[in-house]
Amino acid sequence: MKKLAGKIAVVTGGGSGIGEAIAATFCREGAQVIIAGRNSERLTRSAEKTGAHPHPSDVSQERDVKLLFGATEAEFGGLDILVNNAGVTGPVARAEDLDAVEWDEVMAINVRSMMLCIKHAVPRMRRRGGGSIINMSSLMGLRGYPMRSAYTATKFAAIGITEAVAQEVGVDNIRVNALCPGAVNGELMQRVIAARAAAEMRPADEIIRVNYTDKAALRRWVEPEEVAEAALFLAGALAISGEHIRVDAGRL
């Protein structure tokens, strides 16, 4: 029997990268998966690849979040799993050079969207008798990195939200956990590398080797599908809540 047979899942940021990989894995394991994101073309392509159902949404806006979860319940009958994966990398800059508008944007997309989705998911999971919420943090939610204070702040927030909400909703059989990926191969990481190369005036391949792959015990990137397997584990781990799990190839 498939591990998620009969389950209904919402994956935000499902149009590419980790979100798309999670959608594909959950669909493979029998779930009905709704993917949300701001780019409708990407969502459509991702849905065609994974078998998920696209729902264009800006989950940093409560109106869109209400529509997303209302449509999920109306069409599929409820909600069992929420993966809060929507996120942006934010500015690569020293704190003294940060632009307030960019700061507000990364906070809205990475943190406010998480809280809004939890707010509207919990009552629906309660009616189903429980559920699993998986918040996407990062290694930068465990340790600060230079030039990334905005992103780091949001990922520390994800850990705090996970621990706090897990205590609130455990009585309803709702589990809340976080994933902390390391350097994940894909478009977002390549943008970070390019920005760092420009800011630090260093070759991109040197940054990758010195700052990422050589610092990992396995001496490689993490693949999106490997993060998806960890999400699948948490979706079914009935005795784990308030926890965070590193998926980082043994990054030091």
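In table form, for the structure just shown:
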{"item": "Test: MET147 is over 21 Å from HIS244 (Cβ atoms), at pLDDT below 95 and buried (at least 18 other Cβ atoms within 10 Å of the Cβ)", "result": "yes"}
{"item": "Residue pairs meeting the criteria (Cβ under 7 Å; at least 6 apart or on separate chains; first surrounded by 24 or more Cβ atoms within 10 Å (Cβ to Cβ), in segment 27-49; second charged (D, E, K, R))", "result": "ALA31/LYS7; SER46/GLU20"}
{"item": "Residue selected from segment 90-116 under the condition part of a helix (DSSP H, G or I) and in contact with a Phe, Trp or Tyr (Cβ under 8 Å, 6 or more places away or on another chain), by the criterion farthest from VAL11 (Cα to Cα)", "result": "VAL106"}
{"item": "Residue within segment 78-100 that is closer than 30 Å to ILE193 by Cβ, loosely packed, with under 15 Cβ neighbours inside 10 Å and touching a helix residue (DSSP H, G or I) at 6+ places or on another chain (Cβ under 6 Å) present", "result": "yes"}
{"item": "ASP248 vs. criteria more than 13 Å from PHE26 (Cβ to Cβ) and crowded, with 19+ Cβ neighbours inside 10 Å", "result": "yes"}
{"item": "Failed item in (1) of a type in the set (Gly, Ala, Ser); (2) at pLDDT below 95; (3) touching a His at 6+ places or on another chain (Cβ under 8 Å), with ALA93 passing the rest", "result": "(3)"}
{"item": "Where a residue in segment 71-100 is under 30 Å from GLY131 (Cα atoms) and its partner, wherever it lies, is among the aromatic types (Phe, Trp, Tyr), with Cβ under 7 Å and at least six apart", "result": "LEU79/PHE69; THR89/TYR151"}
{"item": "Residues of segment 169-217 classified as basic (Lys, Arg) and in contact with a strand residue (DSSP E or B) (Cβ under 8 Å, 6 or more places away or on another chain), total", "result": "2"}
{"item": "Filtered residue count, segment 158-195, keeping only those that are in a helix (DSSP H, G or I) and either under 13 Å from the mean Cα position of the chain (by Cα) or of a type in the set (D, E, K, R) (or both)", "result": "9"}
{"item": "LEU232 under 16 Å from LEU82 (Cβ atoms), touching a Lys or Arg at 6+ places or on another chain (Cβ under 9 Å) and at pLDDT 95 or above", "result": "yes"}
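The values are calculated or read from the model by the stated rules, or taken from the named source; none is laboratory data. Worth saying up front: this structure is predicted, and the values here are computed from it rather than measured. Every residue, glycine as well, gets a Cβ built from its backbone with ideal geometry; the counts of neighbours run over all protein chains shown.
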